[in-house]
Amino acid sequence: EAGVTQFPSHSVIEKGQTVTLRCDPISGHDNLYWYRRVMGKEIKFLLHFVKESKQDESGMPNNRFLAERTGGTYSTLKVQPAELEDSGVYFCASSPNTGLADSFGDEQFFGPGTRLTVL
Amino acid sequence: DQQVKQNSPSLSVQEGRISILNCDYTNSMFDYFLWYKKYPAEGPTFLISISSIKDKNEDGRFTVFLNKSAKHLSLHIVPSQPGDSAVYFCAASGEDAGNMLTFGGGTRLMVKP
């Protein structure tokens, strides 16, 4: 079974440019999450999709970040315009929807991340 | 305000000895805790978890202990192996916190042969 994949693995752009990151979750996983790790610090939650719907986007830093998950399959995270502080590693994770009330305990499977550098 | 903290950024252990990684949390609404392991240029990989209704969970060489009153958990690896060298992240979640994981800053474990 293929794991979570992310594209690109690295992206170097200049301040003010636009970058779009892509995540393909494990097939059949309804839950898709975006996280970010900045400057070797803790990994921080950005947002959570259940199928194509945004369940929780409380971690999105500002309106320069736009996430979509059309059709409930892959997801994109667009940063426009990019700023220096957006540099970091962006991780995507997915988990199945077990339908259980305590599904918050489901293991999340992470992709390898996209390293974004904004110059 | 960091709700999950790993106060030791690094730990060095001799092969065969026990590695103990610690994690503290502040949010009493967390009731599920996970440890993830991360190698360079890879995403975090799930290692072991524990529900708040338990105080210990064991899986092979890995054991996680939870002390709810102290809001503290630890990961024990015994015996430690060189292949265990990685960054270990503690994470927490809870029904009221949504499905998202709240991570600590990570501890880099180095197991010396």
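The values are calculated or read from the model by the stated rules, or taken from the named source; none is laboratory data. As the structure is a computational prediction, the values presented were derived from the model and not from experiment. When we count neighbours, we look across all protein chains shown, and the Cβ atoms used for this are built from the backbone with ideal geometry, even at glycine. Protein only, heavy atoms only, side chains kept; ligands, DNA and RNA dropped before computing areas. Shrake-Rupley method; radii C 1.70, N 1.55, O 1.52, S 1.80 Å.
Results for (1) within 25 Å of B:T107 (Cα to Cα); (2) assigned to a strand (DSSP E or B); (3) touching a helix residue (DSSP H, G or I) at 6+ places or on another chain (Cβ under 9 Å), shown as yes or no for each residue.
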site: A:C23; (1), (2), (3): no, yes, no
site: A:H29; (1), (2), (3): no, no, no
site: A:Y33; (1), (2), (3): yes, yes, no
site: A:R36; (1), (2), (3): yes, yes, yes
site: A:F49; (1), (2), (3): no, yes, yes
site: A:K54; (1), (2), (3): no, yes, no
site: A:G59; (1), (2), (3): yes, no, no
site: A:N62; (1), (2), (3): no, no, no
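Comparison of B:D84, B:D55 shows that the only residue that is among the charged types (D, E, K, R) and open to solvent by less than 60 Å² (accessible area, probe 1.4 Å) is B:D84. List every residue pair whose Cβ atoms lie under 6 Å apart, where the two residues are 6 or more positions apart in sequence or sit on different chains, the first residue falls within the stretch A:42-55 and is within 7 Å of chain B (Cβ to nearest Cβ), and the second residue, located anywhere, is of a type in the set (A, V, I, L, M, F, W, C). The qualifying pairs are A:E42/B:F103; A:I43/B:F103; A:F45/B:M100; A:H48/B:M100. Taken together, the criteria exclude A:P25 from residues that are more than 19 Å from A:L116 (Cβ to Cβ) and open to solvent by 40 Å² or more (accessible area, probe 1.4 Å). Just one of (1) basic (K, R); (2) surrounded by fewer than 18 Cβ atoms within 10 Å (Cβ to Cβ); (3) in a strand (DSSP E or B) fails for A:K41. It is (3).
The requirement of being at pLDDT below 95, of a type outside the set (V, I, T) and buried (at least 20 other Cβ atoms within 10 Å of the Cβ) is satisfied by B:F30. Going by the conditions given, is B:E42 free of Cβ contacts under 8 Å to residues at least 12 places away in the same chain, of a type in the set (D, E, K, R) and part of a loop (DSSP other than H, G, I, E, B)? Spelling it out, B:E42 is indeed free of Cβ contacts under 8 Å to residues at least 12 places away in the same chain, of a type in the set (D, E, K, R) and part of a loop (DSSP other than H, G, I, E, B).
Only one of the listed residues (A:T114, A:T73, A:T5) is modelled with pLDDT under 95 and either more than 10 Å from chain B (Cβ to nearest Cβ) or more than 23 Å from B:Y32 (Cα to Cα) (or both). That residue is A:T73. Being aliphatic (A, V, I, L, M), within 30 Å of A:V50 (Cβ to Cβ) and either touching a residue at least 40 places away in the same chain (Cβ under 8 Å) or surrounded by fewer than 15 Cβ atoms within 10 Å (Cβ to Cβ) (or both) is a condition met by at least one residue of the stretch B:100-108.
Every residue, every condition in (1) over 26 Å from A:T5 (Cα atoms); (2) in a loop (DSSP other than H, G, I, E, B), yes or no:
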site: B:M29; (1), (2): yes, yes
site: B:E58; (1), (2): yes, no
site: B:V64; (1), (2): yes, no
site: B:S74; (1), (2): yes, no
site: B:S80; (1), (2): yes, yes
site: B:Y88; (1), (2): no, no
site: B:N99; (1), (2): no, yes
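Take B:I77 and tell me if it is more than 14 Å from chain A (Cβ to nearest Cβ), surrounded by 15 or more Cβ atoms within 10 Å (Cβ to Cβ), in contact with a strand residue (DSSP E or B) (Cβ under 9 Å, 6 or more places away or on another chain) and over 30 Å from A:G59 (Cα atoms). In short, yes.
Rundown of residues vs (1) hydrophobic (A, V, I, L, M, F, W, C); (2) more than 25 Å from A:Y33 (Cβ to Cβ); (3) in contact (Cβ under 8 Å) with a residue 40 or more places away in the chain, yes/no style:
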position	(1), (2), (3)
B:E15	no, yes, yes
B:D24	no, no, yes
B:N27	no, no, yes
B:I50	yes, no, no
